[in-house]
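The values are calculated or read from the model by the stated rules, or taken from the named source; none is laboratory data. Quick caveat: nothing in here was measured; it's all calculated off a predicted structure. Don't worry about glycine lacking a Cβ; one is built from the backbone with ideal geometry, like all the others, and counts go over all protein chains shown. Areas reflect the complete protein model, heavy atoms only, side chains present, ligands, DNA and RNA absent. Shrake-Rupley method; radii C 1.70, N 1.55, O 1.52, S 1.80 Å.
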Amino acid sequence: MSIPKYYEFFPHVLDCLAGGNEYPKKEIVEYCANRANLSEKDKKATIQSGQLTYVNRVSWALAYLKKANLIN
């Protein structure tokens, strides 16, 4: 399985935050990884800077959802 694109994490982020609770970014990232059924191999993949790919993509999903005023 490949790691979802940042926009494919939108539903997972919104689902995580749907209850109106606040969570640390790390918990949101792990929630999204679990919902996307990422394998251990997927979770170890990195981008060129060395950051974990799935963390980078969830971070971008959070940024775009915030910019669209869909999350705080």
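Tabulated values for the structure
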item: Output for the range 12-26, where each listed residue is touching a helix residue (DSSP H, G or I) at 6+ places or on another chain (Cβ under 8 Å), open to solvent by 60 Å² or more (accessible area, probe 1.4 Å) and in a helix (DSSP H, G or I); result: LEU14, ASP15, LYS25
item: Test: residue in the range 18-28 that is of a type outside the set (S, T, N, Q) and touching a Ser or Thr at 6+ places or on another chain (Cβ under 9 Å); result: yes
item: Residues that are under 9 Å from the mean Cα position of the chain (by Cα) and open to solvent by 50 Å² or more (accessible area, probe 1.4 Å), drawn from the range 27-52; result: GLU30, TYR31
item: Those residues of the range 1-40 which are of a type in the set (D, E, K, R) and within 15 Å of ASN56 (Cβ to Cβ), in sequence order; result: LYS5, GLU8, LYS25, LYS26, GLU30
item: Residues of the range 53-62 that turn out to be within 16 Å of PRO11 (Cβ to Cβ) and more than 8 Å from the chain's Cα centre (by Cα), as a count; result: 0
item: Counted residues, the range 27-45 - those being in a loop (DSSP other than H, G, I, E, B) and touching an Asp or Glu at 6+ places or on another chain (Cβ under 8 Å); result: 1
